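Structure, as structure tokens:
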Amino acid sequence: MNMLKQILKDRLAGVSLFIVAITIAAGAFAPWLAPHDPNHIHMELRYAGPSWDFPLGNDHLGRDVLSRLIFGIRPSVLYVFAALLASVCMGAIVGFIAGYFRGRTDAVLMRVVDAMLSFPGYVLTLALIGMLGVGLENILIAFVLSKWAWFARIIRTSVMQIAETDYIKYSKTIGVGHLSIMARHIVPVSLPDIAVIASSAFGSMVLQISGFSFLGLGIQAPHAEWGMMLNEARTVMFSKPELMLAPGLTIILVVSAINFLSDALQGALDPKLMSSKAKFQARTAVSAARLQGKEVA
Amino acid sequence: MLSVEGVEKFYKKGGLFARDIQHVLKNISFSCGDGECLGIIGESGSGKSTLGRLLLGIEQPARGTIRFDGANVMDRGARSGRISAVFQDYTSSMNPFFRVEEVIKEPLRLRKIGHQAVQDKIDQLLHQVGLNSTYRKKYPHELSGGEAQRVSLARAVATEPKLIVLDEAISSLDGSVQIQVLDLLRSLRQLYNMSYIFITHDIQAAAYLCDSVLIIRDGQIEEMAKIEQLKNVQSAYAKKLLRMIMT
């Protein structure tokens, strides 16, 4: 609750949170929200402009662009989010173990991570698609396999800092077990760091999956996906630019909202913002301001 | 109660394949009896904090043994709640997301006592370290250095340990607050009949609190002396240290 308040204080972050929340909800309830079947073809409405029935117009097969946008949230945002969670979890487990136990465990795990990181991400994804075949699931698998190492590295650094603090030393001293130290101290304290890096990776993953779909490597027709919609509109880029505008702007909007939100999270999750008596402090600030006002007068 | 025999500690400098080895502690042996207060004095880099970590069982000595009531101090069960610690850096001595009451509750968990008993105990502990129960809801960053160190002390004595290792526990506090905390340490010691191992670079503070001191230099014990005989130290290094605070 406190965190939500902190985010809403920043207007830009509030708007971003709103956009992200709306997007996720729209994706989850797509069958109820979308005005038409996204795959239903009306050849008589090819390239039709916006109308009351089809607010964003129709594409080259006369399908409703708005419905396709809404259904496109699922692969573009929701499945990416699931892949992100999976890779963060993998990275977190490795990072926690390496950063907490250090020594030989750390050395071995980090060499594995180094090996994973030595493959360029795009090339690894393309290679996996080459082996497993074209399709959204394979891109998501490739994402998980190529991103976890990066998360592991960052989370390890954060855990190392926390593991050196005196409260961890104290817990070890009085004989608290490793697992409960992790659960009670390390996971909650490192969670803000993890949330920030995960949310910033989220934006770039959404872009990447749209990029792969644009290249025709991701989700297959007739299913809707933002990157694929861009690709389909490419042939009429100059005669019907609005067909590119709709998915393009949606991608820009959602990715920027995620990025702004991840920026705001960094501030909002600072433990120093927590207060035992928030109201009291606000009141003293007001009275201090009043005092200053008097001095000036 | 605590006996240290022939303890050595090395650290590898650099990475995985580093050959450069630093010899931090060389053949350290001493013992500390029940209710005794032993000061460990040394300059920075002398290995005194490393020794502190070894005594607490969070690091393993390369050679030698540290026994606490007959059991190896590395054994978690043997330590459980009977050894405690207060550290130097009051900004990192408490989990930043915990309120004061949660901080003190942590060691009480090990005791497996009822909810109401825990609540009463927290109030009692806060009272003993000179804080009132309005501090229960505060977060660590809302405390001053002295208050934070008092909370750390309350947490340290919560399980009524037999030994507390104080690693530079007062060094980051202001002069007058240092005296207050030292006095508090004295009264708590009487109350609970605990032993202290007081690791510091400050001879005066050690002389104020301790029964005997151990002077350590470059990882070796330079001299061990009773506080009453501190004036008659033999080694040149100890004499030099003493002269420095006289002038």
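The values are calculated or read from the model by the stated rules, or taken from the named source; none is laboratory data. Keep in mind it's a predicted model, so treat the numbers as computed, not measured. Cβ atoms come from the backbone with ideal geometry, glycine included; neighbour counts cover every protein chain shown.
Here are a few things to note about the model shown:
- B:Asn27 of a type outside the set (Lys, Arg), within 21 Å of B:Phe10 (Cβ to Cβ), more than 14 Å from every other protein chain (Cβ to nearest Cβ) and surrounded by fewer than 16 Cβ atoms within 10 Å (Cβ to Cβ): yes
- The numbered conditions (1) assigned to a helix (DSSP H, G or I); (2) among the aliphatic types (A, V, I, L, M); (3) touching a residue at least 24 places away in the same chain (Cβ under 8 Å); (4) closer than 24 Å to A:Ser210 by Cα are all true for A:Leu56 except (1).
- Residue ID - modelled with the highest pLDDT, chosen from residues in region B:14-66 that are within 21 Å of A:Lys169 (Cβ to Cβ) and basic (Lys, Arg): B:Arg53
- In region A:72-79 there is no residue that is surrounded by 14 or more Cβ atoms within 10 Å (Cβ to Cβ), at pLDDT 90 or above, under 30 Å from A:Arg184 (Cβ atoms) and in contact with a helix residue (DSSP H, G or I) (Cβ under 7 Å, 6 or more places away or on another chain).
- When B:Asp167, B:Asp202 are checked against the criterion of being modelled with pLDDT of 90 or more and among the charged types (D, E, K, R), B:Asp167 stands alone in meeting it.
- Unique residue being more than 14 Å from every other protein chain (Cβ to nearest Cβ) and surrounded by 22 or more Cβ atoms within 10 Å (Cβ to Cβ) when the list is A:Pro247, A:Pro241, A:Pro222: A:Pro247
- Where a residue in region B:141-152 is within 11 Å of chain A (Cβ to nearest Cβ) and its partner, wherever it lies, is surrounded by fewer than 20 Cβ atoms within 10 Å (Cβ to Cβ), with Cβ under 6 Å and at least six apart: B:His141/A:Lys272
- Residue within region B:99-118 that is out of contact with any strand residue (DSSP E or B) (no Cβ under 6 Å at 6 or more places or on another chain), touching a residue at least 12 places away in the same chain (Cβ under 8 Å) and away from chain A (no Cβ under 14 Å) present: yes
- Helices (runs of 4 or more DSSP H) lying entirely in region A:103-198 (those with 2 or more residues that are within 30 Å of B:Pro161 (Cα to Cα) and either free of Cβ contacts under 8 Å to residues at least 12 places away in the same chain or not β-branched (Val, Ile, Thr) (or both)): A:136-163, A:166-173, A:178-181
- For beta carbons closer than 9 Å, sequence separation of 6+ or different chains, a first residue in region A:1-26 that is modelled with pLDDT of 90 or more and a second that is surrounded by fewer than 13 Cβ atoms within 10 Å (Cβ to Cβ), the qualifying pairs are A:Leu17/A:Leu4.
- Test for B:Asp34: is it assigned to a loop (DSSP other than H, G, I, E, B), in contact (Cβ under 8 Å) with a residue 12 or more places away in the chain, within 14 Å of chain A (Cβ to nearest Cβ) and of a type outside the set (Phe, Trp, Tyr): no
- Within region B:65-95, being within 7 Å of another protein chain (Cβ to nearest Cβ) and under 20 Å from B:Ala169 (Cβ atoms) holds for B:Arg79, B:Gly81, B:Ile83, B:Ser84, B:Ala85, B:Phe87, B:Asp89, B:Ser92, B:Ser93, B:Met94, B:Asn95.
- Any hit, region B:228-240, residues being in contact (Cβ under 8 Å) with a residue 24 or more places away in the chain and surrounded by fewer than 16 Cβ atoms within 10 Å (Cβ to Cβ): no
Yes/no per residue for (1) in contact with a helix residue (DSSP H, G or I) (Cβ under 8 Å, 6 or more places away or on another chain); (2) exposed (fewer than 15 other Cβ atoms within 10 Å of the Cβ):
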position: B:Asn72; (1), (2): yes, yes
position: B:Gly77; (1), (2): no, yes
position: B:Ile83; (1), (2): yes, no
position: B:Val86; (1), (2): yes, no
position: B:Met94; (1), (2): yes, no
position: B:Phe98; (1), (2): yes, no
position: B:Lys105; (1), (2): yes, no
position: B:Gly114; (1), (2): no, yes
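- For A:Val187, the criteria (1) surrounded by fewer than 16 Cβ atoms within 10 Å (Cβ to Cβ); (2) within 9 Å of another protein chain (Cβ to nearest Cβ) hold in every case but one, which is (2).
- Residues satisfying the stated conditions in region A:215-238, i.e. among the small types (Gly, Ala, Ser) and touching a residue at least 60 places away in the same chain (Cβ under 8 Å): A:Gly216, A:Gly218, A:Ala224, A:Gly227, A:Ala233
- Subset of region A:132-179 that is touching a helix residue (DSSP H, G or I) at 6+ places or on another chain (Cβ under 8 Å), within 9 Å of chain B (Cβ to nearest Cβ) and polar (S, T, N, Q) - its residue that is nearest to A:Ala83 (Cα to Cα): A:Ser171
- Scanning region A:1-23 for residues that are of a type in the set (A, V, I, L, M, F, W, C) and more than 12 Å from A:Ala257 (Cα to Cα) yields A:Met1, A:Met3, A:Leu4, A:Ile7, A:Leu8.
- Within region A:65-83, residues that are under 23 Å from A:Ala149 (Cα atoms) reach partners that are hydroxyl-bearing (Ser, Thr, Tyr) and surrounded by fewer than 24 Cβ atoms within 10 Å (Cβ to Cβ) with beta carbons closer than 8 Å, at six or more positions or on different chains, in the pairs A:Val77/A:Thr23.
- All positions within region A:23-50 that are in a helix (DSSP H, G or I) and surrounded by 13 or more Cβ atoms within 10 Å (Cβ to Cβ): A:Thr23, A:Ile24, A:Ala26, A:Gly27, A:Ala28, A:Ala30, A:Leu33, A:Leu45
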